[in-house]
Structure formats: structure tokens, C-alpha cells
1. Once amide H atoms are placed 1.01 Å from N in the peptide plane, what residues at a sequence separation of 5 or more from Thr66, or on another chain, have their amide H within under 5 Å of its amide H?
2. Over 21 Å, how big is the tail of the calculated P(r) for the chain, in percent of all Cα pairs?
3. Amide H of Met48 versus every other amide H placed in the peptide plane: which residues, excluding those fewer than 5 positions away on the same chain, fall under 5 Å?
Amino acid sequence: MTDAYDAGQLADLDRRIDAWLAELAAEHDHILAIDRTDDGATRWYVRMRGEDKEFTTVWLTLGQRTLRYETYVMPAPEESAAELYEHLLRRNDALVGAHFSIGIEDAVFLRGEMPVVHVSLAELDRALGTLYAQVEKCFQALLRIGFRSRFA
């Protein structure tokens with residue numbers, strides 16, 4: 001099990017994540033907004049402009065042992081649910097550091113986490129890039145499966 005960070009270590013990591021996110025935003029013009037909340041959990045959101053999906057928002061949640069990252073991909077499918085879920089499971093096989101999952105109201109999410117000891121600028125960039133790229137790569141195909149009659 002990964003060792004838990006104490007309050008001082010978490011505060012230091014919190015400041016570094018703020019700085020790293022600001023650096024990423026300065027380097028990438030598709031990052032539109034970065035904000036944070038401290039309502040019992042330290043969370044950031046990173047809003048990015050996409051091409052296939054207009055916006056992708058990634059939530060980062062800092063815990064004592066892990067940094068979780070997740071994005072909402074699409075609502076629950078209206079049809080062809082079994083085909084959509086099989087498609088997602090097959091995509092999961094090729095993913096590193098993230099996985100598709102079913103969340104609240106059966107919506108589709110893409111999630112991952114890393115131990116706090118591995119959090120760095122390079123790992124933040126990789127996590128954000130993985131979620132952004134995967135959503136861009138599969139969003140239209142997922143919509144065509146889960147909402148097939150709307151595209152007929």
C-alpha cells in the first residue's frame with residue numbers, strides 16, 4: 001500500500017499541482033480554464049476545448065494516497081447498451097492508467113488514479129493527455145452506438 005501523505009506533504013503537493021497546471025495552461029491553448037474547490041476534498045477541474053467533443057472537463061482529486069482523475073464522457077445510452085459496454089471494455093484493454101466506467105445515472109466516465117508519490121508535471125500531463133485524447137478518439141463512435149436512431 002502506498003504511504004499516506006501528512007498535512008504538510010499534501011500542502012506542498014497541492015502548491016506544486018497548482019503551479020504545474022498553470023504551466024500546462026500557458027503551454028496549451030486548448031486548456032480554457034483551471035479552477036479548484038476545497039469543500040472537504042482538494043479538487044481541480046481542467047476544462048479543455050475539443051474537436052469531436054466540444055469540451056472535456058477533467059476533475060483531479062487529491063487524497064492522502066492517490067490523485068484521482070476523471071472526466072464525464074457521455075450520458076447513459078438510449079439504445080444498444082450491451083454493444084456500447086462491450087465497445088468500452090474492449091477499449092479498456094488498450095488503455096494505460098485509465099479505464100472507462102459507469103457512474104451516476106449510468107453515465108459513461110473515463111477515470112484513473114496515481115499514487116501521490118508519482119505525481120509530477122510529466123504524470124499530470126500524461127493523465128490529462130490520456131483522458132483528452134481518448135475522449136476525442138472515441139466520442140463520436142460512442143454516440144453513434146448509444147444513440148443510433150438519432151443518427152439514422
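FYI, it's all coordinate maths here, none of it is from the lab. Here the structure is a predicted model, which means the values were calculated and not measured.
1. Under 5 Å from the amide H of Thr66 lie the amide H atoms of Val116, each far enough along the sequence or on another chain.
2. Details: 5363 of 11476 pairs.
I get 47 percent for the Cα pairs in the chain exceeding 21 Å.
3. Sorted by chain and number, the residues that satisfy this are Leu32, Thr56, Thr57, Val58.
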